[in-house]
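Worksheet: the structure to be examined is printed underneath.
Just so you know, all these numbers are worked out from the coordinates, no wet-lab data involved. Computed from a predicted model, the values in this text were never measured in an experiment. Reconstructed Cβ throughout: ideal geometry from the backbone, glycine too, with neighbour counts over all protein chains shown.
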Amino acid sequence: MLEIREVTKKYGRKHVLDRINYQISRGEVIGLIGENGAGKSTLLQILATLMSPTSGQVLLHQQPYRKHVKQIRKKIGYVPQDIALWEDLSVKDNMVFFEKLSWVNKTEQQLKRICTDMQLNQWEEKVKNLSGGMKRKLNLAISLIHEPELLLLDEPTVGIDLKSRVEINGYLKGLAKQKGTIIVYTSHDMNEIKELCDRTLIIGDDPFYHDILDR
Ligand SMILES: Nc1ncnc2c1ncn2[C@@H]1O[C@H](COP(=O)(O)OP(=O)(O)O)[C@@H](O)[C@H]1O
Ligand SMILES: [Mg+2]
């Protein structure tokens with residue numbers, strides 16, 4: 001279980017997150033929505049251990065982040081908004097490279113399987129020749145090499161084709177249900193959130209998002 005307790009974040013005098021309380025169980029997919037600048041990425045970075053809250057705390061399986069950062073990091077997969085891949089290397093070489101950086105050992109066959117499970121089949125292709133959707137899938141595949149228990153995705157489907165989007169979302173649903181992965185997902189797209197997520201957490205106080213959820 002992931003517990004967010006009274007999490008507040010200020011940048012200087014600017015209050016971005018105000019005492020957020022939320023609990024997420026194994027296997028749940030949670031959608032974070034809110035206007036631009038509401039603080040979705042900020043919350044995701046806090047959940048990824050990349051930033052500390054100004055006050056409040058986060059716990060994963062009862063372990064407070066503050067005390068157990070190293071162990072907790074190993075359980076987290078984080079896919080930031082900006083894609084970071086080796087463009088001149090193939091899909092395979094990217095997977096192998098990131099596997100070496102991780103603390104797990106996977107065979108090439110296992111790495112390939114992660115990709116084919118989400119219909120990323122261009123194993124030998126250079127990343128620079130892939131579509132935006134396929135690059136997104138590769139980014140996601142890399143974040144899954146160490147089999148995270150908590151997967152954090154910052155707008156994973158922005159600007160990609162519908163087919164890739166449907167495939168990514170289908171894959172994520174299966175991952176949550178089969179492996180019990182906790183998935184926290186940000187998006188602007190309410191329809192996508194409603195379709196994919198078990199529950200929605202609205203960030204910010206824009207009444208638009210609060211109203212639209214009730215429709
Ligand atoms: N490192 C930072 N320093 C100062 N202000 C920041 C920083 N990161 C984000 N902000 C501000 O905090 C607010 C929330 O940003 P962000 O979490 O990126 O929102 P979202 O992802 O919902 O668009 C924005 O007003 C943004 O300008
Ligand atoms: Mg953002």
What ³J(HN,Hα) values, in whole Hz, does the Karplus curve 6.51 cos²θ - 1.76 cosθ + 1.60 give for segment 52-69 when θ = phi - 60°, with x put for Gly and Pro?
-> 9, x, 5, 8, x, 8, 10, 10, 10, 6, 6, 8, x, 3, 4, 8, 10, 3
Using the Cα gyration tensor of segment 112-182, the equivalent ellipsoid's semi-axes, largest first and to the nearest Å, work out to 19, 14, 11
Entries of Lys10/Lys194; Lys112/Lys173; Lys67/Lys100; Lys40/Lys75; Lys9/Lys135 with Cα pairs more than 24 Å apart = Lys10/Lys194; Lys67/Lys100; Lys9/Lys135
Specify the angular offset, from 0 to 90 degrees and rounded to the nearest 10, of the alpha carbon long axis of helix 91-101 from the longest principal axis of the alpha carbons in the chain.
-> 60 degrees
Grab the DSSP H runs of the chain that are 4 residues or longer, score each as -39,500 (n - 2.57), total them, divide by all residues and round the 222 nm result to the nearest 500 deg cm²/dmol.
-> -10500 deg cm²/dmol
Estimated FRET transfer efficiency when R0 is 30 angstrom, pair Val69-Arg199 (beta carbons, to 0.05) = 0.65
Extended-chain gain in nm, criterion 0.36 nm per residue less alpha-carbon gap, Trp123 and Asn105 = 4.6 nm
Compute log10 of I(q)/I(0) for the chain with the Debye formula, placing one identical point scatterer on every Cα and leaving out solvent, at q = 0.09 Å⁻¹, to two decimals.
-> -0.35
Beta bridges by DSSP in the chain, antiparallel share as percent, to the nearest 5 = 45 percent
Would you kindly derive the ³J(HN,Hα) couplings of segment 167-175 from the backbone phi angles with the Karplus curve 6.51 cos²θ - 1.76 cosθ + 1.60 (θ = phi - 60°), listing them in order in whole Hz, with x for Gly and Pro?
-> 5, 4, 5, x, 4, 5, 4, x, 4
For Lys14 and Lys92, calculate 0.36 nm times their separation in residues minus their Cα-Cα distance, and state this gained length in nm to one decimal.
-> 23.7 nm
For segment 107-124, take each phi angle, set θ = phi - 60°, evaluate the Karplus expression 6.51 cos²θ - 1.76 cosθ + 1.60, and give the result in whole Hz per residue in order, putting x for glycine and proline.
-> 6, 4, 4, 5, 5, 5, 4, 4, 5, 5, 4, 10, 6, 9, 9, 8, 4, 8
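For segment 1-116, what does the convex hull of the Cα positions come to per residue, in cubic angstrom?
Normalising the Cα hull of segment 1-116 by residue number yields 148 Å³.
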Quickly work out the Lys163-to-Asp82 label distance, labels modelled 7 Å from Cα along the C-beta direction, and quote it in nm with one decimal.
-> 3.0 nm
